[in-house]
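Just below is one structure, and these are the notes that go with it.
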Amino acid sequence: MSHWTDAHCHLQDKYLTDWQAQGDATASLERAHAAGVNRVVVIGTGDQSSREALAITDLESPVEIYATVGLHPHAAADDLAPIIEMAGSGHPKLVGIGECGLDYYYDYSDRALQRVSFARQIGLAHEHDLALVIHARDAFPDLFDVLRSEGVPPRTVIHCFTGGPDDAIGCLELGADISISGIVTFKNAEALRDAAKLVPLERLHVETDAPFLAPIPHRGKPNEPAYVSLVGEYVAGIRGEDVELVRSTTAANTARLFGISSPTA
């Protein structure tokens with residue numbers, strides 16, 4: 001089945017090398033195309049990775065490539081100025097700000113700094129009319145507080161959603177879409193599966209978060225965009241929906257989210 005969209009992946013050299021992935025971004029995109037993927041969004045997490053995400057969009061590939069720029073909560077103490085500069089660059093393939101947000105699971109950055117960095121990047125999404133890509137882990141109450149304070153951009157997604165039904169309802173009520181990764185296939189992810197079942201189909205996205213979080217049966221190995229169909233097929237199964245409907249609707253949802261052309265099929 002063709003024309004899957006991977007709403008969130010990392011194809012920068014650093015990530016692929018750290019995870020001993022097979023080849024480079026070009027090789028990963030070739031495998032994705034062979035697996036029926038025709039569109040990916042490469043996500044920035046800091047100055048260098050954001051620049052590389054934009055550079056990857058220039059690759060010759062049968063897969064459409066788009067990019068975001070942002071500062072991950074783990075790097076909340078870093079200078080945001082480069083991200084601000086890139087956000088205003090007018091790059092034709094720049095479609096979003098993030099991933100940014102709050103991570104209280106690892107607490108690699110001071111929580112107050114995380115909230116400040118997140119708020120400033122929400123402002124960038126508003127200023128440049130770009131999608132907002134949110135990373136949220138064990139931090140939903142504070143996340144909701146910051147979003148209410150700064151105003152939720154009209155095109156916002158919680159990527160790699162890991163919460164339960166109540167968290168999902170809170171995100172949806174604020175106007176955010178929800179993106180599901182390969183975690184949904186893991187044995188201990190029952191609360192996530194319950195959440196995935198209640199998200200309206202028109203608010204749902206699928207992603208790999210490659211090279212992280214490969215779905216079963218590839219868990220523990222490097223992830224890649226070629227596996228996004230495994231996520232979509234699993235989500236369709238637990239929701240009791242036709243796989244083709246999930247594929248076409250999530251692809252259209254991601255096109256709407258990032259302000260890009262609707263898929264052709």
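Number of residues in the stretch 1-15 that are at pLDDT below 95 and in contact with a Lys or Arg (Cβ under 8 Å, 6 or more places away or on another chain) equals 2. Quick check on Thr26: is it without any contact (Cβ under 8 Å) to a residue 24 or more places away in the chain and part of a helix (DSSP H, G or I)? When the stated conditions are applied, Thr26 does not pass them. Test Pro211 against the criterion of being in contact with a Pro (Cβ under 6 Å, 6 or more places away or on another chain), closer than 25 Å to Val42 by Cβ and either surrounded by 23 or more Cβ atoms within 10 Å (Cβ to Cβ) or in contact (Cβ under 8 Å) with a residue 24 or more places away in the chain (or both), and give yes or no. So Pro211 fits the description; yes.
Search the stretch 16-44 for residues being of a type in the set (Val, Ile, Thr) and out of contact with any helix residue (DSSP H, G or I) (no Cβ under 7 Å at 6 or more places or on another chain), and hand back the single one that is modelled with the highest pLDDT.
Thr26
If the condition is being among the small types (Gly, Ala, Ser) and crowded, with 24+ Cβ neighbours inside 10 Å, then the stretch 1-24 contributes only Ala7.
The residues of the stretch 95-114 that are under 17 Å from Val157 (Cβ atoms) and crowded, with 24+ Cβ neighbours inside 10 Å, listed by number, are Gly96, Ile97, Gly98, Glu99, Cys100, Gly101, Leu102.
In the stretch 169-214, what count of residues is obtained for those that are hydrophobic (A, V, I, L, M, F, W, C), within 21 Å of Asp13 (Cα to Cα) and either part of a helix (DSSP H, G or I) or in contact with a Phe, Trp or Tyr (Cβ under 8 Å, 6 or more places away or on another chain) (or both)?
Of all residues in the stretch 169-214, those hydrophobic (A, V, I, L, M, F, W, C) come to 169, 171-172, 174, 176, 178, 180, 183-184, 186, 189, 191-192, 195-196, 198-199, 201, 204, 206, 210, 212-214.
From the residues that got through so far, the ones that are within 21 Å of Asp13 (Cα to Cα) too are 210, 212-214.
Keeping just the survivors that are either part of a helix (DSSP H, G or I) or in contact with a Phe, Trp or Tyr (Cβ under 8 Å, 6 or more places away or on another chain) (or both) gives 210, 212, 214.
So the count comes out to 3.
Of Glu150, Glu127, which residue is closer than 20 Å to Ile83 by Cα, surrounded by fewer than 17 Cβ atoms within 10 Å (Cβ to Cβ) and out of contact with any Leu (no Cβ under 6 Å at 6 or more places or on another chain)?
On the way: Glu150 fails: surrounded by fewer than 17 Cβ atoms within 10 Å (Cβ to Cβ).
Exactly one residue qualifies, and that residue is Glu127.
Note on the stretch 215-265: among residues that are polar (S, T, N, Q), closer than 19 Å to Leu29 by Cβ and not in a helix (DSSP H, G or I), the one that is farthest from the chain's Cα centre (by Cα) is Thr264.
For residues in the stretch 65-85 being part of a helix (DSSP H, G or I) and in contact with a Leu (Cβ under 7 Å, 6 or more places away or on another chain), which is surrounded by the fewest Cβ atoms within 10 Å (Cβ to Cβ)? Can you show your working first?
Keep residues of the stretch 65-85 that are part of a helix (DSSP H, G or I), which gives 73-75, 81-85.
Imposing the further condition that a residue be in contact with a Leu (Cβ under 7 Å, 6 or more places away or on another chain) reduces the set to 73, 83-84.
Numbers: Pro73: 28, Ile83: 24, Ile84: 19.
So the residue we want is Ile84.
Considered as a group, the residues in the stretch 230-245 that are touching a residue at least 40 places away in the same chain (Cβ under 8 Å), over 14 Å from Val37 (Cα atoms) and not charged (D, E, K, R) include one that is surrounded by the fewest Cβ atoms within 10 Å (Cβ to Cβ), and that residue is Leu245.
So that you can scan it fast, the table gives a plain yes or no per residue for (1) assigned to a strand (DSSP E or B); (2) at pLDDT 95 or above; (3) of a type in the set (A, V, I, L, M, F, W, C):
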{"site": "Val116", "(1), (2), (3)": "no, yes, yes"}
{"site": "His126", "(1), (2), (3)": "no, yes, no"}
{"site": "Leu132", "(1), (2), (3)": "yes, yes, yes"}
{"site": "Pro141", "(1), (2), (3)": "no, yes, no"}
{"site": "Ser149", "(1), (2), (3)": "no, yes, no"}
{"site": "Thr162", "(1), (2), (3)": "no, yes, no"}
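Which residues, counting only those in the stretch 52-64, are surrounded by fewer than 19 Cβ atoms within 10 Å (Cβ to Cβ) and either under 16 Å from the mean Cα position of the chain (by Cα) or not in a loop (DSSP other than H, G, I, E, B) (or both)? Listed by number, the residues that qualify are Ala55, Glu64. Please go through the stretch 157-178 and give me each residue that is at negative phi, touching a residue at least 60 places away in the same chain (Cβ under 8 Å) and either in contact with a helix residue (DSSP H, G or I) (Cβ under 8 Å, 6 or more places away or on another chain) or surrounded by fewer than 17 Cβ atoms within 10 Å (Cβ to Cβ) (or both), ordered by number. Val157, Asp177 - these are the residues of the stretch 157-178 that are at negative phi, touching a residue at least 60 places away in the same chain (Cβ under 8 Å) and either in contact with a helix residue (DSSP H, G or I) (Cβ under 8 Å, 6 or more places away or on another chain) or surrounded by fewer than 17 Cβ atoms within 10 Å (Cβ to Cβ) (or both).
The values are calculated or read from the model by the stated rules, or taken from the named source; none is laboratory data. Remember, predicted model here, so these are calculated numbers, not experimental data. Methodologically, a virtual Cβ is constructed for each residue, glycine included, from the backbone with ideal geometry; neighbour enumeration extends over all protein chains shown.
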